[in-house]
């Protein structure tokens, strides 16, 4: 569970790990490879699991806190 703007948002375990990782690296662009290795513990570069999980998190969190840095990865931003 995550609290955003006073509302509780239910996240899966992996979604919470992803958001937590990005939050611990504010202002840093985290590559898909880095996220795949650090959050999922694997190195299957053909996997789109990072993109899918980011999309699900964006659908649950009402604020734009995960920014896509095209062809590089993702960045945690504060609204």
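Computed from the coordinates by the stated procedures, all read-outs in this text should not be read as laboratory data. Note that the structure is a prediction, hence the values are computed from the model and not measured. Cβ coordinates were reconstructed from backbone atoms using ideal geometry, including for glycine residues, and neighbour counts include every protein chain displayed.
For segment 69-79, the candidate set comprises residues that are closer than 24 Å to residue 3 by Cβ and touching a strand residue (DSSP E or B) at 6+ places or on another chain (Cβ under 8 Å); within that set, the residue that is surrounded by the fewest Cβ atoms within 10 Å (Cβ to Cβ) is 77. Note on segment 60-73: residues that are under 16 Å from residue 21 (Cα atoms) and either assigned to a helix (DSSP H, G or I) or in contact with a helix residue (DSSP H, G or I) (Cβ under 6 Å, 6 or more places away or on another chain) (or both) amount to 2. Looking only at segment 1-59, residues that are out of contact with any strand residue (DSSP E or B) (no Cβ under 7 Å at 6 or more places or on another chain), in a strand (DSSP E or B) and in contact (Cβ under 8 Å) with a residue 12 or more places away in the chain come to 2 in all.
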